[in-house]
Structures are given as structure tokens and as C-alpha cells.
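Report on one structure; see the data block that follows.
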Amino acid sequence: MIRDPDHKGMRLKKTDTKRICIGQCAGAFGVRGEVKVKSFTEVPEDIFGYGPLLDEKGVPLLIPISHRAVKNAFAVKCKDIDTREQAQELAGKKLYVRRADMPEPDEDEFYFEDLIGLEVKTTDGRRMGKVLAVHNYGAGDLLEISGHKDQPQFFHPFTKTAVPKVDIGGGRIVIDITPGHNP
């Protein structure tokens, strides 16, 4: 990665374009230009351990200088953000880090980004499509799977029972389709 001293000219190598969303701006906090940030990391404060927080294109969006906990979020003082109006303009912006900067997940843990694009087969070897996205609408994680050939797109629960095998290196996952849950 090439970057200038102020992180304004940060560029990602062409092969290093995967990013993981680890938080989101929730607008301004107070009147002194602090940005309210919601963290999606397992330990919420870990969001500040990755350096500049990037936008979806990989350009630095926030360069945190200091932070403090507030109700369900952090009030963050950032470089180049001095007014409430500047902070409020960031409301809704998602915050990313390079996938390469993230720690390797533990066994049976996965970054959703790593699942996207994996081939999906059933336990009996039928091709079902590819993982398009991972969603959570409140009742647990769901894989959105493209239909193979003339099959429609469908959702499948992402649990140990419903997805007995995930092989990131091999580029595939195996799903268990039980009666009543067939796509």
C-alpha cells in the first residue's frame, strides 16, 4: 500500500480491494465536530485499532484522533472534521478497513465478505449457485444464493446444521437442504 503522511493519497493495490465493513457514522455528536460512530466489531473499541477508516471505495473517510464511549456508540474527534455540519454530513456512511488488515477468524468463524462468491452445493453434491450476500433481518444470518441454471435465487440459514461445511480456500460451501426447506 502506498500512502502519504496525511493519509489523503492512500491507494490500495489492485489485488487488495476487499474491504470489511466494521462500523457506520450516525451523524454529529454535540457541537464541536465529533462524529457519532457505531461499531460492528466484536469488541466495539477495536474499530479504532485499524488506522484510518475507509469509505466503500477504499478512500480514508475518518482519521480518528480520540474517542469516548457514548450510549451504544462512540463520539469521535477526527482529523479535518471541525464542525457539527461536517460531522452531520457523514451520517449513514459505512466505515471499512482492508480485509488484509483484519485478523484471521477463529475456526468456524467467517467474515461475510469471504463467503460472497463461493460455490454452493448440497450434501448430496447438487450445484445450487453461488453466495451473493449474507443478511441478518433479526432472526439469524441468511445466505442469499443465486439459483443454478433455471433455479430461482433463494435464502438459506447460515447455521452449523444448515451449512455443515465452509471451505474458503476451496471456494465452496455445502448446505443441508432438509424437507420443507427446499428452494
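The values are calculated or read from the model by the stated rules, or taken from the named source; none is laboratory data. Everything quoted here is computed from the prediction, not taken from an experiment. Cβ atoms come from the backbone with ideal geometry, glycine included; neighbour counts cover every protein chain shown.
Points to keep in mind about this one:
- Residue that is farther than 23 Å from GLY171 by Cα, surrounded by 11 or more Cβ atoms within 10 Å (Cβ to Cβ) and charged (D, E, K, R), where the choices are ARG127, ARG68, ARG99, ARG84: ARG84
- Residue satisfying all of: in segment 28-62; of a type in the set (Gly, Ala, Ser) and surrounded by fewer than 16 Cβ atoms within 10 Å (Cβ to Cβ); nearest to VAL97 (Cα to Cα) among these: GLY51
- Selection of segment 63-110 for residues being free of Cβ contacts under 8 Å to residues at least 24 places away in the same chain and of a type in the set (Val, Ile, Thr) yields only ILE65.
- All of (1) at negative phi; (2) surrounded by fewer than 19 Cβ atoms within 10 Å (Cβ to Cβ); (3) not hydroxyl-bearing (Ser, Thr, Tyr) hold for CYS25 with one exception: (2).
- Filter result (more than 21 Å from LYS18 (Cβ to Cβ), hydroxyl-bearing (Ser, Thr, Tyr) and touching a residue at least 12 places away in the same chain (Cβ under 8 Å)) within segment 111-147: THR122, THR123
- Complete set of residues in segment 134-155 that are more than 23 Å from ASP106 (Cβ to Cβ) and surrounded by 13 or more Cβ atoms within 10 Å (Cβ to Cβ): GLU144, ILE145, SER146, GLY147, HIS148, GLN151, PHE154, PHE155
- Any hit, segment 111-120, residues being surrounded by 14 or more Cβ atoms within 10 Å (Cβ to Cβ) and in a strand (DSSP E or B): yes
- For segment 66-80, the set of residues classified as among the β-branched types (Val, Ile, Thr) and touching a strand residue (DSSP E or B) at 6+ places or on another chain (Cβ under 6 Å) consists of VAL76 only.
- Residue count for segment 70-86 under the criterion of being within 22 Å of the chain's Cα centre (by Cα) and at pLDDT 95 or above: the result is 5.
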